[in-house]
1. Which of Lys90/Lys167; Lys13/Lys110; Lys83/Lys167; Lys110/Lys261 have a Cα-Cα distance over 30 Å?
2. Calculated from DSSP H runs of 4 or more alone, at -39500 (n - 2.57) each and per residue, what is the 222 nm mean residue ellipticity of the chain, nearest 500?
3. Here are several values of log10 I(q)/I(0) by the Debye sum over Cα atoms at q = 0.07 Å⁻¹: (1) -0.33; (2) -0.26; (3) -0.45. Which one was derived from the coordinates shown?
4. Just in region 74-165: which chymotrypsin sites (Phe, Trp or Tyr not before Pro) are loop by DSSP and have at most 10 other Cβ atoms within 10 Å?
5. Quick one: helix 227-241 against the long Cα principal axis of the chain, what's the angle to the nearest 10°, folded into 0 to 90?
6. Report the FRET efficiency, 1/(1 + (r/R0)^6), for Leu263 and Glu160, where r is their Cβ-Cβ distance and R0 is 30 Å, rounded to 0.05.
7. To make sure I understand the rule: partners must be aspartates and glutamates, Cα under 13 Å from the Cα of Lys155, and not fewer than 8 residues away in the same chain. Which ones qualify?
8. What residue among Arg172, Arg254, Arg47 shows peak mean-square fluctuation when the chain is described by a Gaussian network model with Cα springs under 10 Å?
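A short reminder: the numbers here are calculations on the coordinates, not readings from a lab. These numbers were taken from a predicted model, which means no experiment stands behind them. Neighbour counts run over all protein chains shown; Cβ positions are idealised from the backbone, glycine included.
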Amino acid sequence: MSIRHDLVHSIFKLFRHRENSYATHADRRKMLSHFAGTLADLGYGLRNIGGLKQKHVIAVVKYWKEKNLAVSTIKNRLAAVRKMCSRLGKPMLVPSNTALGIGKRCYVPKRNRAIYNPDFSGITNQHIRISLELQRVFGLRREESIKIKPHLADKGNRIELLPTWCKGGRSRIVPVRTDEQRFWLEQAKELAGRFGNSLIPEKSSYIRHRNVYEKQVLRAGLRNLHGLRHAYAQQRYRQLTGWDSPLCGGPCSRDLTTVQKKLDYEVRVILSEELGHSREQITVNYLGR
């Protein structure tokens, strides 16, 4: 077996027992596979992660920085490495981000990532199609749009997302405001069938269906569908404030009046809750500042 294979295998043995959601578990394994692959590419002969040393971590981070990976990507990967080191009984093996020379995340986007009027005509799987429409009209994450049980979520003038469907187990409420939202919610209910069914087909699992989702999206030529949530946030911002967000050409915070700044903040708090975040600051990523 190759060095890379042995190293990845030893890492996966550490995470044999899942503590988090399937998605979080799968994402962590993927990031740690990247870490192991980079170590092998750099020429280190480490076959068992138990022999990991600080020099290995520093070398990998240096490589990632040379490849100009985003600060957020490096920090996310290091979070997975720290979790791994904790399981190894070496919690102090990874230096602080400051010591590693990793700067702060930049939450002010340089371009608008919103996706308006997406073409879903290439999506042939009806379950996937309706999940995508729910992402678009309600600002749902991918996992939420797959796991949602539409009959259970529908509360008339709002949908209630249960913790087991949401990132970090954080439930939330999203208002039903438009005929289009109501239409796709009814379509989802019809497709799901029985009251307790989700948009995962019977005899399938979340992971298997998510793989179908990814293949359908790629074949349809679609990319970065998180942009559907960006578009939702920007449309809601305009509805609630009466003006466009900065990323859509609207006024920046410094150009708002005192009254407008107060409304801007209140609306951002509302949107952070609708999108499943707990911080007003995160809305900068969707709206600009």
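1. Numbers: Lys90/Lys167 28 Å; Lys13/Lys110 40 Å; Lys83/Lys167 18 Å; Lys110/Lys261 22 Å.
Flagged as over cut-off: Lys13/Lys110.
2. The helix contribution divided over the chain gives -16500 deg cm²/dmol.
3. Among (1) -0.33; (2) -0.26; (3) -0.45, the one calculated here is (1).
4. On the way: sites: Tyr107, Tyr116, Phe120, Phe138, Trp165; in loops: Tyr107, Tyr116, Phe120.
Hits after loop and neighbour filter: nothing returned.
5. 40
6. Values: r = 26 Å, r/R0 = 0.88.
Calculated value: 0.70.
7. Correct list for Lys155: Glu186.
8. Result for the chain, Cα springs under 10 Å: Arg254 fluctuates most.
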